[in-house]
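Undergrad: Sharing a structure with you now.
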Amino acid sequence: MLVKLSEKEISNCKQAATLRWQLARASGVANQRRDKSRNDNDLDLLGIKAEVCVAKIFEIDHNPFQLGIDSGKDLWLGDISIDVKATFYRTGKLLFKNIDSFKADCSILVCQQSDNTFNVVGYCSQKEFQKRSALIDLGHGVGSALEQDQLYPLEKLWSYHVKEKLGN
C-alpha cells in the first residue's frame, strides 16, 4: 500500500529524527547500524517516516517525538505490538539481526519509494518469522530475513485486530 507523507509530516519526521539520534548518542546508547554508508540521522529519519506511514494506515495515534530506548515495539494496534522495519530499497526484505531481536507480536515492512512516498508492503508475526525466515548476508553481516512475497497482506492484520477488539 503506497503512502505519501505531507510536507508537514516530513518536517516533523526530520525534527524528530534529529532529536532521537542526538539524544541517543548523548545518552551513550550505541547505534546498532550495520550499513556504514548511512549516518545515524538518515536511519532514524527513515524509521520515523515508516512509523508515521504505518500509523496513518491503521489510524494509530503516534507521536514521532516520543523519546526513549527502542524496545523493539514501535506502535500498538490495540493490544498488538508492532515493530516497523524500513528499508531504502524498493525490493528490500524484512530483516532482523537475529531471531531474538524480534520482540514485538508482529513486524511490518516499509520500503522507501521516494523522499515522501513509501510502500507499506506487508507484515509477519513473530512466530511465523521464526518458522519461515532464512539466514542471509547482504554485506553487513548475517541476519534473518523474509522476502516481500512471504509477507501477509495488511488487511489480515486489520481483520485480526478487529476480531480481538470485539472479543471474537
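What follows is calculated from the coordinates using simple rules that are stated; it is not laboratory data. No experiment lies behind these values; they were computed from the predicted model shown. So basically every Cβ, Gly included, is an ideal-geometry build from the backbone, and we count neighbours across all protein chains shown.
Undergrad: Check which residues have an amide H placed less than 5 Å from residue 122's amide H, if you skip close sequence neighbours.
TA: 109
Undergrad: Applying the Karplus parametrisation 6.51 cos²θ - 1.76 cosθ + 1.60 with θ = phi - 60° to the phi angles of the range 53-64, what ³J(HN,Hα) value in whole Hz is obtained for each residue in order, glycine and proline being reported as x?
TA: Using θ = phi - 60°, the values come out as 4, 5, 4, 5, 4, 8, 6, 8, 6, 10, 10, x Hz.
Undergrad: Provide the net charge surrounding residue 162, with neighbours chosen by a C-beta distance below 13 Å and charges set as Lys +1, Arg +1, Asp -1, Glu -1.
TA: Residues close to residue 162 contribute a combined charge of -1.
Undergrad: Then there is this: Over the chain, what is the relative contact order in percent, taking alpha-carbon pairs closer than 8 angstrom and at least six residues apart? Spell out each step's value before the answer.
TA: Values: 258 pairs, mean separation 34.1, N = 168.
Over the chain, the number comes to 20 percent.
Undergrad: With runs of 4+ DSSP H residues as the only contributors, calculate the mean residue ellipticity of the chain at 222 nm using -39,500 (n - 2.57) per run, divided by the residue total and rounded to the nearest 500.
TA: -11500 deg cm²/dmol
Undergrad: Given the range 2-166, what whole percent of its Cα pairs are spread farther than 26 Å?
TA: Values: 3229 of 13530 pairs.
Cα-Cα pairs in the range 2-166 separated by more than 26 Å: 24 percent.
Undergrad: I've got another one for you. Please give the charge dipole size of the range 2-166, origin at the Cα centre, charges +1 on K and R Cβ atoms and -1 on D and E Cβ atoms. Round to the nearest 20 debye. Could you put the intermediate results ahead of the total?
TA: Values: 23 positive and 22 negative charges, 50 e Å.
Here the size comes out at about 240 debye.
Undergrad: Over the chain, what is the percentage of antiparallel beta bridges among all DSSP beta bridges, to the nearest 5? All intermediate terms of the calculation are to be shown ahead of the outcome.
TA: Working: 21 of 27 bridges.
Antiparallel: roughly 80 percent of the beta bridges in the chain.
Undergrad: What's the local net charge at residue 75, with K and R +1, D and E -1, over the other residues with C-beta under 10 Å away?
TA: Numbers: positive: 73; negative: 51, 61, 74, 83.
Taking every Cβ under 10 Å from that of residue 75, the sum is -3.
Undergrad: Hey, another quick one. Got a sec to turn the phi values of the range 148-153 into Karplus ³J(HN,Hα) couplings, 6.51 cos²θ - 1.76 cosθ + 1.60 with θ = phi - 60°, whole Hz, x for Gly and Pro?
TA: Result, rounded to whole Hz: 4, 6, 9, 8, 8, x.
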